[in-house]
2 protein chains.
Amino acid sequence: ELLSLGGSGVVEKVQLETNKTLEQTSTTGQSKTTKPHLEFPPIVYGEAKSKSNPHGKTILFYNHYDVQPEDPSELWKDDPFSGRVEGNRIYGRGASDDKGELVTRIKAVEYFLQATNGDLPCNVKFIVEGEEEIGSPHLRDYLLQYKDKLKCDVVIWESGYIDSKSRSVVSLGQKGILCVELNVNGPSHDIHSSHAVLVDNPAITLSKIICSMVSQRTGKILIEDWYREVKGFSRRELMAIAQEEFDEEDFKREIGIKNFANNKTGIDAKRARVGYPTCNVSGLISGYGGPGFKTIIPSTATAKIDFRLVPEMDPNIQFQRLQNHIAKKIELEKEGEPASGNKVEAKFLNGEPGYRTPLDNPFVTPVVQAAKETFNSSTISVSGAGTGPMYYFYEILEKASSICVGGSSISDKAHSPNENFKIDNLVKATKCIAKIIEKVGKL
Amino acid sequence: ELLSLGGSGVVEKVQLETNKTLEQTSTTGQSKTTKPHLEFPPIVYGEAKSKSNPHGKTILFYNHYDVQPEDPSELWKDDPFSGRVEGNRIYGRGASDDKGELVTRIKAVEYFLQATNGDLPCNVKFIVEGEEEIGSPHLRDYLLQYKDKLKCDVVIWESGYIDSKSRSVVSLGQKGILCVELNVNGPSHDIHSSHAVLVDNPAITLSKIICSMVSQRTGKILIEDWYREVKGFSRRELMAIAQEEFDEEDFKREIGIKNFANNKTGIDAKRARVGYPTCNVSGLISGYGGPGFKTIIPSTATAKIDFRLVPEMDPNIQFQRLQNHIAKKIELEKEGEPASGNKVEAKFLNGEPGYRTPLDNPFVTPVVQAAKETFNSSTISVSGAGTGPMYYFYEILEKASSICVGGSSISDKAHSPNENFKIDNLVKATKCIAKIIEKVGKL
C-alpha cells in the first residue's frame, strides 16, 4: 500500500502506520510526530517503551520514506508507484529502498504488541526521514535538537542486504559522499560550430577536467591530497573482508557487464567495495541531444559527479581540494593540456562523512545471530559501498553505533526502473527484526 | 512571409515564389519543379534563359529552405517563425541562413524581368534544397541524375557575408564535415553509484575518448593519420588570407568570450578559420540531468561530434581512422589509460568533402566587383569556416566552381535563438546579385 504513494502522500501514510502500531502500547508507550516543517519533508518520530524491561537497552530504527526519481519512467513495465505483485516480487519505486525495510520494522513491533499484550522485550524508537536520497540535509540539525529524546544504545539501520546465495549481510559501515556539479561556461549562446577553430568548446573542457580527476584504468582519483586522511584496514577488518561473500559472476550478470573496472577480482574487489573512495559521473548535459546532429558549439556543459568517501575524509575539505584542482587545471600548463578560455565552476550539492562501527561493538553479535537464525546464514560486512547519515548518529547521540540489517537484495534494482522486493525476504526480514528486539531485550 | 513558415509549408512557398518569377519569362524561359519525393524534402529547380544572350554564360544559384532546429525555443524573444520586424532587423529561424539570401536572388531576377520586359542579361538556374542543414544527403544523387539540365558556368552560393566593418566577404571555399555520434554502453541499466568502485562509468569512458581525440590547448586532432591528405596554403592563398579582414575583438564581443582557443590571434587566427580541421563536441548526453543529483552510474553516454575537414580529406576515410582510434584506445594500453570494460561505438551521421575555388577562376573578378559596387568594399576569403555541398557541384557539373556572396552578417545569429537579417543588407544583397547577373552577361 505504501508503494502506491508517490510524492507527499507517503508522509501522512508513514505517520499513520507508525502511530497506529505505537499507540497500541497505550500509556506506557508514547507516540509522537514532529511538528511538520513546511520547508522540507518532515522527519517522523515514534517510540514505545518496554513495560517489563523499561530500564533495558533501547533500539533506534532508522529508515527513510523518500525515494529516487522514477525516471527513466518509460523503462518501467508498470506504473512506478503501482505496488504490483508478480510471483515472489512486489514492484514499485522504493520497494527495496527503503519502504520495504520500513514495513518489516513496523510489522515486527506490531507482532510483539499483539503477541505479548502490548509489551516489548526492549525499548524501541523510530526515526523515518524524507531526505535520505538527497543526502539528509536536515537530519543533523534534527539530531542536535532532539538528542535527548533520541538517546539509544544502538541504531538499526537500513541497507543490510541478502547476497546472491540468500545469506544475510550485516553491514557495519557506510561510505561518505561528496556530490558536486561542474559547470563550464563558454560562449554567451550556442554558436555555429564552424567557429570551433577559434572558440574553446565547453564540452571538451568538461571532458578534460573529468579526465584530469580520475584514472579510468585504476579508478584512482588524481586530485592532490585526496587520500591524505584515508587509513588502511586493521588486521581484524582485513580478515572480515576476506570472509565476506561476493559472487562476482552473479553481480556482473545482474548488471550486464563482462569485467570489473581494472579487472579487479577476489580480495581486491572486496576491499574496493568496503574501503576505496570513488569518483563517479552520474550525468553529462551539454548542447544538442536530439536525433541526428546540430552543428553548434554549446554555450555550457555540466557534469553531475559523486565522490564516495571513507571514514576520516571530510566532505568540505575534499570539496576545497577539488576546487584547488580545477583552479590549477585551468590556470597552469599541465601535461600539455592547459588554459581553456572557458569558465569552470564547481557547485557543492551535498556532503556526508562516512562511518564504521567497530567489529567488537556488543550489539554486533545479537544482530548477526538473529540474521543467521532467520536467513540460515549471515556474514559481516566491514562497510557497505553506499552512503547514509550514520556518522551523525555517532557524532551526536553519545557515540551510538549503527548496524545495518535488512531483506533487500542486489536483484531488487534499487535506484533503477522496475525496483522490487522479494516477498519471502520481506517476511524473513520481519522475523529477523523481531529476533533482534528479543535478543537486545536480554542484554 | 517565408520566415513565418515552419515545417513543410515552406516547400510549397518556395516552389510558388520561384515559379512565379520564372514563369514571367514566358516561352523563352522554362519553369520546372522536380516531382516531389515522398521520402525526403524535395529539391526545387527553376531556370530562365536570356532572350538577348541565350548562348552566353549560365549562373546556377544554390540555396536551401531548410533551417536548424529552433530550440532552445525559450531563448527566443518571439515565436521563432514570427518574421517580426524590429528596427533594421527581421527576426525568425532561417532569416539569415538561408531564407533571406534566397529572397534576394529571386528578387534580383524579378527586377530584370520587370525592367527589361521579361529578359535577363544571362541565363539563370535555381536549385533550392531542403536538407542543407543535415548535410544534403540527397543532393549528390540529384546532381548526378540531372547533371545535363543543371549544366552551368558558375555556381553562386549562399554563405558569403558582411564583416563587422560592413564589407562584403566573397568566399571561395567551404570546409568539409564529418558528423558522428559516439555511444558508450556500460551496465544494462542505470545502477547505484556505490558500485562505481567496480563498474566502469560510461560517462568517464566517453570523456577519456574525447580527451584522446583532441588537444584542447592546440586544437590539434590526435587521431592517427588525420592530417595525412591536408595540403599547405599556396603563396597566393597566404597573401589573400593576410588581406582578409577579421575584427577579433568584435567577434569575441559578439559571442561573449575573452580569448580565442590557444590564444590565437592575427594571421594565425585567420589561417585557422580558412584551413584548419576541427573536432567539435556539439552534445553530451548521459545519466541524470535534472535538478540536484541522482547517485547512479549511467547505463549509456553519448557525444555528438562534428569534424570540419579541408579539401582532399575524405569523410569516409576519416571516419575509418576515427574507428581505428577508438578500437585502439579501448583495446590497448596507451599513456596509462587503457581498457575500459565499456563498449564504444561510432555512428556515421553525415560526411561531406570540402572544396575551394581557385583564386584565378574567371568569375571571381565580376563577383568581387559587384560586391564592391554595392557594399562599398569587398574582400576575398580563400575559404569560409563552414560547410556546404560545394564539392559535389565541382565533381559532377563539369568542374563548375562556386562563389559565395551574400548579405548576412555574424551578428545575425545564424543557428542561434533570435536569428535575424538586417533589412538594409537584404536590399544591398539583392542589388549585388543583380549586378552579378549583369556582369556575367558581359563575359
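The values are calculated or read from the model by the stated rules, or taken from the named source; none is laboratory data. Note that the coordinates shown come from a computational prediction; the quantities given were computed from them, not determined experimentally. All Cβ positions, glycine included, derive from the backbone under ideal geometry; neighbour counts span all protein chains shown. Side chains included, ligands, DNA and RNA excluded: accessible areas come from the protein's heavy atoms. Shrake-Rupley method; radii C 1.70, N 1.55, O 1.52, S 1.80 Å.
Taking 1 over the mean of 1/r across every pair of different Cα atoms in the range B:363-443, what Kirkwood radius in Å do you get?
14.3
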Next item on the list: Pull out a ≥ b ≥ c, the square roots of the eigenvalues of the alpha-carbon gyration tensor of the range A:129-174, then state rounded if a/c is under 1.5, prolate if not and a/b is larger than b/c, and oblate in the remaining case.
Entry: oblate
Notebook entry, point to check: How many nanometers, to one decimal and shortest first, lie between the label point of B:LEU443 and those of its other copies, if labels sit 7 Å from Cα toward Cβ?
Noted result: 9.5
Checklist line | Of all DSSP beta bridges in the protein assembly as shown, antiparallel share, percent nearest 5 | finding: 70
Item checked: Rounded to the nearest 10 Å², the accessible area of B:CYS179 at probe 1.4 Å -> 0
Notebook entry, point to check: Which value, in Å² and to the nearest 10, is the accessible area of B:LEU443 when all protein chains are kept and the probe is 1.4 Å?
Noted result: 100
Checklist line | the range A:169-196 and the range B:208-249: distance between their alpha carbon centers, rounded to Å | finding: 30
Notebook entry, point to check: Given springs between every Cα pair under 10 Å in a Gaussian network model of chain B, which of B:VAL427, B:VAL368, B:VAL44 has the largest fluctuation?
Noted result: B:VAL427
Note to self: Which one, B:GLY83, B:ALA400, A:TYR45, projects farthest toward the positive side of the charge dipole computed for the protein assembly as shown from Cβ point charges (K/R +1, D/E -1)?
What the structure shows: B:ALA400
Next item on the list: Work out the FRET efficiency for B:VAL85 and B:THR116 from their Cβ-Cβ distance, taking R0 = 35 Å, and round it to the nearest 0.05.
Entry: 0.70
Next item on the list: Leaving ligands, DNA and RNA out of it, rank A:TYR161, B:TYR355 by accessible area with a 1.4 Å probe, largest first.
Entry: A:TYR161, B:TYR355
Notebook entry, point to check: For chain B, how big is Rg over Rh, using alpha carbon atoms and the Kirkwood form of Rh?
Noted result: 1.00
Next item on the list: Kindly express, to the nearest 10 degrees and within the range 0 to 90, the angle between helix A:423-441's C-alpha long axis and the longest C-alpha principal axis of chain A.
Entry: 60
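Once the mean 1/r over all distinct Cα pairs of the protein assembly as shown is inverted, what Kirkwood radius in angstroms do you read off?
Taking every pair of different Cα atoms in the protein assembly as shown, averaging 1/r and inverting gives 30.8 Å.
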Next item on the list: Pull up all non-local amide H partners of B:LEU349: gap of 5 or more, or a different chain, and H-to-H distance under 5 Å with H placed in the peptide plane.
Entry: B:CYS179, B:VAL180, B:GLU181
Item checked: Amide H within-cut-off set for A:SER381, under 5 Å, with H built and near neighbours excluded -> A:VAL170, A:SER171, A:LEU172
Notebook entry, point to check: For A:VAL427, which inter-copy label distances result when the label point lies 7 Å beyond Cα on the Cα-to-Cβ vector, reported in nm to one decimal and in ascending order?
Noted result: 8.8
Check: Whole-Hz Karplus ³J(HN,Hα) for the range B:369-378, in order, using 6.51 cos²θ - 1.76 cosθ + 1.60 and θ = phi - 60°, x for Gly and Pro?
Finding: 4, 4, 5, 5, 5, 8, 9, 6, 9, 8
Item checked: Alpha-carbon spread of the range B:123-277, three principal axes, descending order, Å -> 69, 44, 32
Check: What is the sum of charges around A:LYS304, taking Lys and Arg as +1, Asp and Glu as -1, for the other residues whose C-beta is under 9 Å from the C-beta of A:LYS304?
Finding: -1
Check: Taking amide hydrogens as modeled 1.01 Å from N in the peptide plane, which residues meet the under 5 Å criterion relative to A:ASP200, leaving out close sequence neighbours?
Finding: A:GLY341, B:ALA261
Next item on the list: Please express the shape of the range B:293-443 as an equivalent ellipsoid: the semi-axes are the square roots of 5 times the eigenvalues of the C-alpha gyration tensor, given largest first in whole angstrom.
Entry: 44, 22, 12
Checklist line | Note, ³J(HN,Hα) from phi for the range B:171-182, Karplus 6.51, -1.76, 1.60, rounded to Hz, x at Gly and Pro | finding: 10, 10, x, 9, 6, x, 8, 10, 9, 9, 10, 9
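Could you check what % of the DSSP bridge pairs in chain B are antiparallel, to the nearest 5?
Working: 46 of 66 bridges.
So the antiparallel bridges amount to about 70 percent of the total.
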Margin query: Could you compute how much accessible surface B:THR365 exposes when probed at 1.4 Å, giving the result in Å² to the nearest 10?
Written below: 90
Check: Per the helix-only calculation at 222 nm, which mean residue ellipticity applies to the protein assembly as shown, given -39500 (n - 2.57) for every DSSP H run of n ≥ 4 and division by its residues, nearest 500 deg cm²/dmol?
Finding: -9000 deg cm²/dmol
Item checked: Fluctuation leader among A:THR302, A:THR387, A:THR116 - chain A, Gaussian network, Cα springs under 10 angstrom -> A:THR116
Checklist line | Label point 7 Å beyond Cα along the C-beta direction, distances from B:LYS77 to other copies (nm, shortest first) | finding: 5.4
Note to self: Could you compute the net charge surrounding A:GLY186? Neighbours are other residues with a C-beta less than 10 Å from the C-beta of A:GLY186; K and R count +1, D and E count -1.
What the structure shows: -1
